[in-house]
Amino acid sequence: MNLKSALLGAVCAFAMAPAAFAERGTDGEVKLTFPQAVSIMNPYLSSGTKDIFAASMVVEPLAGYDDTGALIAKLVSEIPSVENGGISEDLTSITWKLLPGLLWGDGSPVTAADVVFTGQYCMDPAGGCAQLSKFEGIKSIEAVDDATVKITFNAPKPNPFTAFVGSTSPVLQKAQFAACMGAAAPTCTDPNSMPLGTGPFKVTGFTVNDTVSMEANANYRDATKPAFASAVIKGGGDAEGSARAVMSTGEFDYAWNTQIAPDSQAAMAAEGKGVFVVAFGTLVERLEMNMTDPSADLPEGERATVKHPHPFLTDINVRKALSMAIDRQTLTEVGYGAGGAPTCNIVPAPALYASDNTGCLTQDIEGAKALLEAAGWVDTNGDGIREKDGKNLSILYQSTVNPIRQDFQALIKDWWAEIGVETELKAIDPSVFFGGDAGSPDTFQKFYADVEMYANNFDGTDPEAYLTQYKCDKAPSPENQWQGENMNRFCDPAYDAMIAELSGTRDEAKRAELAKKLNDMVTKDSSIVVPLVHRGTLSAHSNALGGVKINAWDSELWNVADWFRVK
Amino acid sequence: MRDASAPDLVQVDGLKMYFPVYSGVLRRHSGDIKAVDDVSFTIRAGETLGLVGESGCGKSTLGRAMLRLYDPTAGRVVIDGEDIARLSPEALRKKRPTMQMVFQDPQASLNPRMSLSSIIGEPLVEHTALTTAQRQDRIYELMDQVGLNRRFANRFPHEFSGGQRQRIGIARALALNPKFIVCDEPIAALDVSIQAQVVNLLEDLQDKLGLTYLFISHDLSMVRHIADRVAVMYLGRIVELSPRDDLYARPLHPYAEALLSAVNEPNPERARTRSRILLKGDLPSPANPPKGCNFCTRCPKVFDRCLTEKPALVQVEPGRKVACHLFQTLKPTAGSTGGFHTQDDFQQGVTL
Amino acid sequence: MLTFTLRRLLLALPTLLFISLIIFLLVDLAPGSPMSEIPLTVPPEVRQKMIEALGADQPVFVRYILWLRQFFWVEPATLIDGWFGLNLAGNEQRILSWQSRSPVFTVIGQRIPQTLTVIGTAYLLGIAIAIPIGIYSAYRQYSFFDQLGTLVAMIGFSVPTFFSGTLFIIIFAVWLHWFPTKYDTTLLVTDWPSFVLQLKQMAMPVMVLALANAAAISRYMRSSMLENMGQDYVRTARAKGMTERVVVLKHVLRNSLIPVVTVIALGIPSIFGGAIITENLFGVNGIGAALIGAIHANDLPMVQTLAFIFAVLIVVFNLIADVLYGLLDPRIRYE
């Protein structure tokens, strides 16, 4: 080794040093792109994922979830528990202790008053807060002292980690939002687009539905972070364009939601400029079976209500056969590639709550035929459609307009035809389907069809609220203006009783057991819900960006403070 | 009439103007429209040659080809000693002041976005070195000449009546002191009351400025008024070229005869005695003219030879040329007025 | 001309009011809800509260009257307040976007610059390309150049911008790495390097749109030239001994431009309207992208306001085209 190479080595070592001992703002700019542009930076006024993710770089909750779904402290010194006294024995209150010396982006101290204010802000009935459900059951939020907040519930709450936990419920600065209470909330344009926060970045420029410019927050609690001096989120375009900007042209470091056709994924990944990462949360593409008769012959007000049970989907054998005929592996490959996995559960994650239910993963056309045969559904008139008691197995199968869903519809229609079930397909504009307009016949709540397909998930890691959706009284009906999440009009007293048991259970293992049972009751046991694909969120990041840890339980940008430039 | 011994100003020799026809998918050249087919004649300086014929016979094309507004297919057009048909574009442009044209439609032939003074003045800018003031004087002078009020100098064409517009067209043609003017149906688009004014204006200008005209018209009585000699055209060819009075008194070619039989006869006595010759059939297509005489399909006096051989335009009487097999020999022929009449004894021809 | 213009403007007012009502009803009747983009994890009661907070549950005529008041009084008053530091508007509510909760006019203000730069440049470039092509194509009708021009125009007409745009991205961004695929709206042109950056990021959307614009305008230009080329006055000009240059550029072109100028003027509102697909594809995020985003999100105030502004622009530019026609063509006089 001569002097030259020795010097070179020294220089290299010197150059590597900053990466090892990171300093704030040394790595230049990190550029992110979202196919849907950011509309607003206040998660309480928007529940759009794009807005919540962008906001998570700026405003933070008291606690969040890491990539395994475990709770982590953000603005507090520790996660409260019954053991450490943070949660009262009777489960009616939780007490959070703020980190000492915590500062807002403008340098003013973060106090318990800010947390209390944020609670009042969201709970104001005139404010239209999108995260109101996080504050459900809260009796009061009080500042015990400047650094301590106590939340009291109306009733024992086994899972008190709703308010101020996760990126959907961050703490806002009282001083900035004081004038934005209630009806004034939507009119506070400046605070809503440039909120002050405790996060690693601070908004410097915001153009609606276009670009968010940020710089490193000088008052961030970790003096060495973030490594980037500035960040920018450019929105707009489509998933393909976002993926291309990271994977092909290298203009951007990170692209969220790059769900593109599996063959495009492979082609872009092969270019070697970046990688696709996938976050498997709880999103499941599923078929929902209608237990009520959606026939148009029934009078309006009785159509698709519990008054008229479904002519054949009430037969468990029919539902099971429909499920057995589906090849979920093929669906996944066709529709999602790396961004999906076949599943039989509506609660596919976190691992603790996921049932080991894999029986549906193998397609069984013959089994399905035999099952129908045995149940008396036979094709007597030779038209290829099975019937019984004069009722044809003829299904109206609806979903939203979406190329992947239309592929799924076509494939499933073919499989069902093989077992002697006739299918008529219908695709509805998503804004109508999910729009919840009680006047429209095409909403997924009205369910004027036999089978419908969409995706749903739950927030956070606890499935209780999600499973509660299948209780008898959650069925949409004319009486409740078609509001409700039990699309199937499924009703089983045993299920309702188990839900009640779950809400009274605190022990995690016991809760998991109950949740799995509930999951199996609506899926494996009854095929009321036919899960198809466990969908992840496919994102892409460039090889020049380090520190990315994909997270399905919180904002994908949850650890943006740790991101750095790979040199 | 005019000086018969004056030199020829215009000589047209074997002029052909064919428009190619393309057809089929590949747009192959499949034939020609023979709008002007082998035409020869001369015009003496100071003379007015009338050119008559029914619509579509090629008279306007002939006029335009003579000024090389079309590029002729073949032949020579010598105007004032130079063969227009062969001049280079630039030399032709330089030559333009000598020869001008008065167009049929005074509305369409004037640029709607130019004022009267710029219309008249534009050629002056292009071809002379006049100062602005001199040019303005010249414009006023021209306007005076054609009888337009000087106040109208800044008006646009659409603000004038048809007769006034034609005066503008004439003033414009006169701007560069041309020697030869092709008047292409200059009065066809005008009211009858205005027609005479314009024709008189043209005559006055001819007298004053010594102009030579080719006066194209289908109005035989107006041609009789203005022309010295008259050429009759049929299907791209001149069938008869005679001094005016001879022609009107005693047309030789059967077509000329038929054509003239349609003219209003001012003398009631004569009108009563003459009979109108009605031609049968339609004008053949110039793209596909008959093999023999162009007129053979409609000629009342057609005979075998007409169907196979095209007659040439030959002198059959002093000063009179006819393209008809009936007149090839000098013997009088049955059914014809025949004979070796001179210009002086034309009255005797009317013996039918 | 002045009385004509004033009369037309006066007549336009009731028309525009009527248009605004029709747009409002159409947008309102369109299926969908402003809450449809919200994830299913948000419970229905919360959705209902959010709708109430937006005022979206009010009867349609109440919302229409409120919108009229906001559009014709509050917004202009706010603008004047902004200029002169007055307080005419008081604390009255401006038109707020349901999606972003920002005043609609603030959003439009943010969007206009890039729309005008990109779409406007594309329009001008399109015209600059189209007019010479149209002139020469007509002058040498059926020549090779004319056939080529026809072909290019056909391509420009028939190839949709999302296709040509994607093609350009693959060629110029993915393969050649010449231009960025995402337009940076925050770029400020302060010096030469930033100007070059601006040119680079404009290059692709401008090319895509200019091609489409040039195709249409060059055809107008060509047919208008051909129509005039055969006119008698052109023959007159030749007979006068004018050079071909003067004949074509002065006589034919000037007359041919009259209808083309009108077409160009009528096309100007579309510059403000932006180019929905192209803007979206290249992330220009101008007015077009705002409109389509608002439509997707059922953001009624935004859609209504934008649609109405387009209606106003179209009416105004129709009037401008008429007036221009009168100015350019001495034969037309408005009383």
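Quick note: the coordinates plus some simple rules give every number you see, no bench work behind them. Everything numeric in this text was worked out from a predicted model, so none of it was measured. All Cβ positions, even for glycine, are placed from backbone atoms using ideal geometry, and neighbour counts span all protein chains on display.
Quick one: length gained pulling A:GLU366 to A:LEU99 fully straight, 0.36 nm per residue minus the C-alpha distance?
Stretched out fully, the A:GLU366 to A:LEU99 stretch lengthens by 89.9 nm.
Give me a comma-separated list of calculated 3J(HN,Hα) values for segment A:259-268, in order, Karplus coefficients 6.51, -1.76, 1.60 applied at θ = phi - 60°, integers in Hz, x for any Gly or Pro.
5, 10, 4, x, 6, 5, 4, 5, 5, 5
So what is the relative contact order for segment C:31-97, in percent, with contacts set as C-alpha pairs under 8 Å and at least six apart?
Over segment C:31-97, the number comes to 22 percent.
What list of whole percents do you get for P(r) of segment C:52-183, with Cα-Cα distances grouped in 5 Å bins up to the one holding the largest distance?
2, 8, 10, 12, 11, 10, 9, 9, 9, 9, 7, 3, 1, 0
Using a 10 Å cut-off around each Cβ, can you sort B:ASP71, A:ASP66 from fewest to most neighbouring Cβ atoms?
The most exposed by this proxy come first: B:ASP71, A:ASP66.
Antiparallel DSSP bridges in the protein assembly as shown: what percent, to the nearest 5?
Details: 88 of 123 bridges.
So the antiparallel bridges in the protein assembly as shown amount to around 70 percent.
Under 5 Å between amide hydrogens, which residues at least 5 positions from B:PHE215 or on another chain qualify, with H placed 1.01 Å from N in the peptide plane?
B:LEU49, B:GLY50, B:LEU51, B:CYS183
Taking neighbour Cβ counts within 10 Å as the exposure measure, how do A:SER355, A:SER230 sort from fewest upward?
So the ranking, lowest neighbour count to highest, is A:SER230, A:SER355.
What spacing in nm lies between the two simple spin-label points modelled at A:ALA351 and B:ASP137, each 7 Å away from Cα in the Cβ direction?
Label at A:ALA351, label at B:ASP137, 10.9 nm between them.
Report the one residue of B:GLY147, B:CYS183, B:LEU110 whose Cα lies farthest in the direction of the positive end of the charge dipole of segment B:8-260 (charges on C-beta: Lys and Arg +1, Asp and Glu -1; origin at the Cα centre).
About the Cα centre, the residue reaching furthest to the positive side is B:LEU110.
Sort out for me the Cα centre separation of segment A:153-172 from segment A:375-437, rounded to whole Å.
41 Å
For chain A, what is the charge dipole size about the Cα centre, in debye to the nearest 20, if Lys and Arg each add +1 at the Cβ and Asp and Glu each add -1 at the Cβ?
1300 debye
What is the log10 of I(q)/I(0) for segment B:132-222, computed with the Debye formula using one identical point scatterer on each Cα and no solvent, at q = 0.11, 0.15, 0.26 Å⁻¹?
-0.31, -0.57, -1.51
Relative contact order for segment C:105-328 using alpha-carbon pairs under 8 Å, separation at least 6, rounded to a whole percent? Let's see the in-between values first.
Values: 265 pairs, mean separation 65.1, N = 224.
This gives 29 percent for segment C:105-328.
Per DSSP H run of at least 4 residues, take -39500 (n - 2.57); add these up for chain A, divide by its residues and hand me the 222 nm value, nearest 500 deg cm²/dmol.
Helices in chain A give a 222 nm mean residue ellipticity of -7500 deg cm²/dmol.
Could you work out [θ]222 nm for chain B from helices alone, using -39500 (n - 2.57) per DSSP H run of at least four and dividing by all its residues? Round to the nearest 500 deg cm²/dmol.
Computed ellipticity for chain B at 222 nm equals -8500 deg cm²/dmol.
Return the long-range amide H neighbours of B:VAL239 (sequence gap of 5 or more, or a different chain), with a cut-off of under 5 Å between placed amide H atoms.
B:VAL232, B:MET233, B:TYR234
Once phi is turned into θ = phi - 60°, what whole-Hz ³J(HN,Hα) does the Karplus curve with 6.51, -1.76 and 1.60 give for every residue of segment B:40-49, x standing for Gly and Pro?
So the Karplus estimates, Gly and Pro as x, are 9, 5, 10, 10, 7, 4, x, 8, 10, 9 Hz.
Between B:ARG150 and B:GLN197, with labels modelled 7 Å along Cα→Cβ, what's the label distance in nm to one decimal, could you check?
Between B:ARG150 and B:GLN197, the label points sit 2.1 nm apart.
Given chain A, what percent of its DSSP beta bridges are antiparallel, to the nearest 5?
The antiparallel fraction comes to roughly 75 percent.
From other protein chains only, count the Cβ atoms within 10 Å of every residue's Cβ in C:286-292, then give the mean.
Shielding by partners across C:286-292 averages 2.
Given +1 on the Cβ of Lys and Arg, -1 on the Cβ of Asp and Glu, and no further charges, what dipole in debye does chain B carry about its Cα centre, rounded to the nearest 20?
Dipole of chain B, to the nearest 20 debye: 740 debye.
Largest first and to the nearest Å, give the Cα extent of segment C:31-97 along each principal axis.
Its Cα atoms span 47, 24, 17 Å along the three principal axes.
In cubic angstrom, how much convex hull volume per residue do the alpha carbon atoms of the protein assembly as shown span?
Output value, Cα hull per residue: 299 Å³.
Which value in nm describes the separation of the simple spin-label points at A:GLU78 and C:ILE22, placed 7 Å from the Cα toward the beta carbon?
Taking the simple label geometry, A:GLU78 and C:ILE22 are separated by 7.0 nm.
Order these by the 10 Å Cβ neighbour count, fewest first: C:HIS296, C:HIS177, B:HIS325, B:HIS253. Write out the running numbers ahead of the final one.
Numbers: C:HIS296 16, C:HIS177 12, B:HIS325 22, B:HIS253 30.
Ordered from fewest to most neighbouring Cβ atoms within 10 Å, C:HIS296, C:HIS177, B:HIS325, B:HIS253 come out as C:HIS177, C:HIS296, B:HIS325, B:HIS253.
Taking only the alpha carbons of segment A:337-483, what extent do you get along each of the three principal axes, in Å, biggest first?
Extents along the principal axes: 49, 40, 32 Å.
When the Cα atoms of chain C are enclosed in a convex hull and the volume is divided per residue, what value in Å³ results?
199 Å³
In Å and whole numbers, how far do the C-alpha atoms of segment B:8-260 stretch along each principal axis, longest first?
Principal extents (largest minus smallest coordinate, Cα): 52, 49, 37 Å.
If exposed chymotrypsin sites (Phe, Trp or Tyr not before Pro) are those in a DSSP loop with at most 12 other Cβ within 10 Å, what is the longest stretch of chain B that has none?
For chymotrypsin sites (Phe, Trp or Tyr not before Pro) (loop position, at most 12 other Cβ atoms within 10 Å), the longest site-free span of chain B is B:1-302.
Could you tell me the center-to-center distance, by alpha carbons, between segment C:123-200 and segment B:67-115 in angstrom?
If we compute the Cα centre of each part, the gap is 42 Å.
Roughly how many whole Å is it from the C-alpha centroid of segment C:82-99 to that of segment B:296-321?
A separation of 94 Å, based on Cα centres.
Which one, C:PHE282, C:GLY267, C:LEU328, is farthest towards the positive end of the dipole of segment C:254-335 when Lys and Arg carry +1 and Asp and Glu -1 on their Cβ?
Result: C:LEU328, furthest along the dipole toward the positive end.
Using helices alone, what [θ] at 222 nm do you get for chain C, with -39,500 (n - 2.57) per DSSP H run of 4 or more residues, divided over all residues and rounded to the nearest 500?
-22500 deg cm²/dmol
Mind listing the phi-derived Karplus ³J(HN,Hα) values for segment A:422-432, rounded to whole Hz, using 6.51, -1.76 and 1.60 with θ = phi - 60°, and x for any glycine or proline?
Each residue's phi maps through the Karplus curve to give 8, 10, 10, 9, 9, 10, 10, 4, x, 5, 7 Hz.
Find the relative contact order for chain B and round it to a whole percent, using C-alpha pairs within less than 8 Å whose residues are 6+ positions apart.
The value is 17 percent.
Hey, can you list the DSSP H helices of chain C whose Cα span along the axis is 30 Å or longer and whose average Kyte-Doolittle score is at least -1.0?
Length and hydropathy pass: C:2-29, C:192-229, C:300-328.
For chain C, give the magnitude of the charge dipole about the Cα centre (Cβ charges: +1 Lys/Arg, -1 Asp/Glu; no others), in debye to the nearest 20. The partial results should precede the final answer.
Details: 22 positive and 19 negative charges, 229 e Å.
Around 1100 debye, computed over chain C.
How large, in Å, is segment B:1-90 by the Kirkwood hydrodynamic radius built from its alpha-carbon pairs?
Computed over segment B:1-90, the radius equals 14.4 Å.
Translational D (Stokes-Einstein, µm²/s) of segment C:198-321 at 10 °C and 1.306 mPa s when Rh comes from the Kirkwood sum over C-alpha pairs?
92 µm²/s
Find which of A:VAL560, A:VAL82, B:ASN294 sits farthest along the positive direction of the dipole of the protein assembly as shown, computed with +1 on the beta-carbon of Lys and Arg, -1 on that of Asp and Glu, about the Cα centre.
B:ASN294
Report the antiparallel proportion of the DSSP beta bridges in chain B as a percent, rounded to a multiple of 5.
Around 65 percent of the beta bridges assigned by DSSP in chain B are antiparallel ones.
Using amide H atoms built 1.01 Å from N in the peptide plane, name the residues 5+ places from B:VAL316, or on other chains, whose amide H lies under 5 Å from its own.
B:LYS321, B:VAL322
Counting only Cα, what are the radius of gyration and maximum Cα-Cα distance Dmax of chain A, in Å?
Reported Rg and Dmax, both Å: 25.9, 94.
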